[in-house]
């Protein structure tokens with residue numbers, strides 16, 4: 001009798017566990033397949049945007065904003081939705097290396113394989129860091145995501161409600177045949193006034209390069225063609241000989257395609273430096289930015305030591321004031337085994353996102 005009772009109890013526990021696993025899988029499937037709200041669908045119809053047309057995602061750090069743009073039937077893109085970013089890691093400026101706690105800036109692409117319906121952070125997608133530009137410039141890092149749960153360690157974090165909608169936009173675009181969607185991550189809205197505000201920042205040369213791609217979309221509402229050669233981004237270039245571009249190689253002879261012409265070449269970006277500096281007097285103070293790769297190395301070393309249980313300061317070392325973090329924000333999970341490389345980063349925690 002006692003044995004029979006034990007067997008029945010074991011079966012009951014097993015059935016409950018199986019039901020729990022099935023419920024969990026079902027719950028995650030529901031998350032990834034939720035339809036966009038009726039209000040957004042109505043707006044899409046009013047803007048002449050097919051449900052499965054291509055999308056573009058734009059991110060602005062200083063404004064803590066993520067935008068979703070969607071293609072209309074006329075081929076132009078329109079802004080369909082904006083979302084507040086709960087948290088992004090680090091300061092303004094690019095990501096240099098694994099462990100520097102920087103959220104990336106640049107031009108990235110997301111394919112269906114980078115979408116994660118089983119994320120530990122509700123839903124997520126990998127933005128594709130490092131891209132060709134990052135790799136040719138020796139930048140390292142992995143698992144850089146846009147995800148839910150409103151908590152982050154090196155990524156762009158959204159509320160669960162927001163990530164469900166952003167994920168749905170991407171999913172529907174893939175169903176419609178888009179092979180990958182672009183993600184443009186900027187330090188701030190790259191207006192002429194903002195470029196003047198940041199004209200003395202050490203990242204200014206990098207940002208002027210990003211602004212060229214920004215201006216192309218702002219002026220034309222069509223996606224820029226993004227390539228990398230000579231270790232830099234180039235946009236809307238047509239190679240005369242149709243040869244593949246090498247990120248590390250010299251930029252080949254090229255001509256501007258009439259179909260891809262942009263107002264940038266006639267002063268769209270350069271007008272920033274011609275504005276009177278008096279226009280900045282009433283502007284807000286520039287946000288902190290990462291000063292250099294030397295600062296990135298200091299932070300990466302701090303991340304490594306903290307990950308291995310060493311006693312370090314609560315905030316990472318900084319050449320300037322760091323961006324504010326909410327109290328109790330998640331950080332690096334201590335690990336037991338000590339590796340030889342001093343480059344264990346906060347973003348490695350996101351490997352299961």
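Any read-out appearing in this document is the output of simple, stated calculations on the displayed coordinates, not a laboratory observation. Not measured: the values here are computed from a predicted model. No Cβ is skipped: glycine too gets one built from the backbone with ideal geometry, and neighbour counts run over all protein chains shown.
For the range 58-145, what is the Kirkwood estimate of the hydrodynamic radius, computed as the reciprocal of the mean inverse distance between distinct Cα atoms, to one decimal in Å? Intermediate values should be presented prior to the final figure.
On the way: mean 1/r = 0.0688 Å⁻¹.
Evaluated over the range 58-145, this radius sits at 14.5 Å.
Once the C-beta distance of residue 51 and residue 305 is scaled by a Förster radius of 56 Å, the resulting FRET efficiency is 0.70 to the nearest 0.05.
Site pair residue 161 and residue 225 shows an inter-label distance of 4.2 nm when each label is modelled 7 Å from Cα along Cα→Cβ. The modelled label-to-label distance for the pair residue 294/residue 28, using points 7 Å beyond Cα in the direction of Cβ, is 4.5 nm.
Restricting the count to DSSP beta bridges whose residues both fall in the range 100-203, what percent are antiparallel, rounded to a multiple of 5? Walk me through the intermediate numbers first.
Values: 10 of 12 bridges.
Approximately 85 percent, going by the DSSP bridge assignments.
With a simple spin-label model that places each label point 7 Å from the Cα along the Cα-to-Cβ direction, the separation between residue 285 and residue 118 comes to 4.8 nm. Taking only the C-alpha atoms of the range 71-229, Rg followed by Dmax gives 15.7, 45 Å.
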